[in-house]
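Following: one structure in structure tokens, then a few remarks.
Each value in this text was obtained by applying a stated rule to the coordinates, not by laboratory testing. Fair warning: this is a prediction, and the values are worked out from it, not measured in the lab. No Cβ is skipped: glycine too gets one built from the backbone with ideal geometry, and neighbour counts run over all protein chains shown.
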Amino acid sequence: MYELQVEGMSCNHCINAVTKAVREVDASAEVDIVLAEQKVSIDSSADLQRIKSAVEEAGYPVLRTSAS
């Protein structure tokens with residue numbers, strides 16, 4: 001399970017774009033986004049750095065990451 005603090009998310013389009021970016025790395029990833037907290041929780045076995053890069057390439061800066 002990963003948690004990312006992602007800047008710039010404000011609407012459903014943002015949720016879809018970030019979810020799509022994560023699923024391009026891991027098609028079976030479970031993605032939960034809380035816009036008010038700018039928090040993305042991801043259940044995936046993919047490499048955290050690859051996920052972070054995909055989200056940033058989609059146009060959303062990742063301020064912080066953690067793995068649990």
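So here's what we get for this one:
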read-out	value
ILE15 being β-branched (Val, Ile, Thr) and touching a Ser or Thr at 6+ places or on another chain (Cβ under 8 Å)	no
In the stretch 17-68, residue surrounded by the most Cβ atoms within 10 Å (Cβ to Cβ) [restricted to those that are of a type in the set (Gly, Ala, Ser) and part of a strand (DSSP E or B)]	SER41
